[in-house]
Amino acid sequence: MGQRLTERDIVRLDYQKLVMEGKVNKKTGVEHDKYDVVGAIVDYESGMLDTDATIELFQHLVDTGMAWQLQGSYGRTADSLVSAGIISQ
């Protein structure tokens, strides 16, 4: 007989499934549908985001494909962050 999964194993597998389905940000663990992207963009445009929040925003924009649907500066910034290894594509 196979090994029984613990509750922790099940939670980890559920999380991995959400990441693979693109429903959770790989780096931050934030569910995409619960991330306030509009609020984050407003804060970014206002200069209110710290470095970590800016990275989280651009990772979300890349993960969802929005980085290349917004004005050009977002795509260029996302490309720069990917090239620098700060976020992943």
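Laboratory data are not the source of any read-out in this text; all were calculated from the coordinates shown. What you see is a predicted model; the values in this text were computed from it and never measured.
Residue by residue, what Karplus-based ³J(HN,Hα) values in Hz, rounded to whole numbers, does region 39-51 have, using 6.51, -1.76 and 1.60 with θ = phi - 60° and x for Gly and Pro?
Once θ is set to phi - 60°, the couplings for region 39-51 become x, 5, 5, 4, 5, 4, 5, 8, x, 9, 8, 7, 4 Hz.
Find how much the distance from Val37 to Ile86 grows on full extension, using 0.36 nm per residue of separation minus their present alpha carbon separation; answer in nm with one decimal.
So the chain would gain 15.7 nm between Val37 and Ile86.
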